[in-house]
1. Which numbered condition trips up G112, out of (1) open to solvent by 70 Å² or more (accessible area, probe 1.4 Å); (2) at pLDDT below 90?
2. So, of the residues in region 34-61 that are open to solvent by less than 70 Å² (accessible area, probe 1.4 Å) and in a strand (DSSP E or B), which turns out to be farthest from L106 (Cα to Cα)?
3. Which residues, counting only those in region 67-103, are open to solvent by 50 Å² or more (accessible area, probe 1.4 Å) and outside any strand (DSSP E or B)?
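The values are calculated or read from the model by the stated rules, or taken from the named source; none is laboratory data. Only a predicted model underlies this, so the values are computations on that prediction, with no experimental measurement involved. Note: areas computed on protein heavy atoms with side chains; ligands, DNA, RNA excluded. Shrake-Rupley method; radii C 1.70, N 1.55, O 1.52, S 1.80 Å.
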Amino acid sequence: MKHLIIIIFSLSVLSLMSCKQATGEKASIQEASTVAANQGIEIPVDVSKSIVRWEGAKPTKTHNGTISLQDGKIIVKDGQVTGGSFVLDMTTITNLDQEGKMKANLEAHLKGIVE
């Protein structure tokens, strides 16, 4: 009984101590696109001159290739890149280190095409 009273008393003290009001400033919330637009100059990516190089690995081998960009932009402020976004055209994924059926099979797999 004595232990029960000590436990109840301890819990009561802890609950009173944890009920203090938090102090400090509240964080402001904004849409991500609004924040990015206010951080600098938006520069469109020339997708006809841009390409993404990729490399994938498995325990026994690596593969590499390219993917074309569909759309993209970079946000620059004071000469520094502060943000951006890119849209990849996954239908253009190409494997560069294989030929023939192996190349076709890997590209179909990466594009999600079932053969």
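1. (1)
2. V52
3. Matches in region 67-103: D78, G79, L96, D97, E99, G100, K101, M102, K103.
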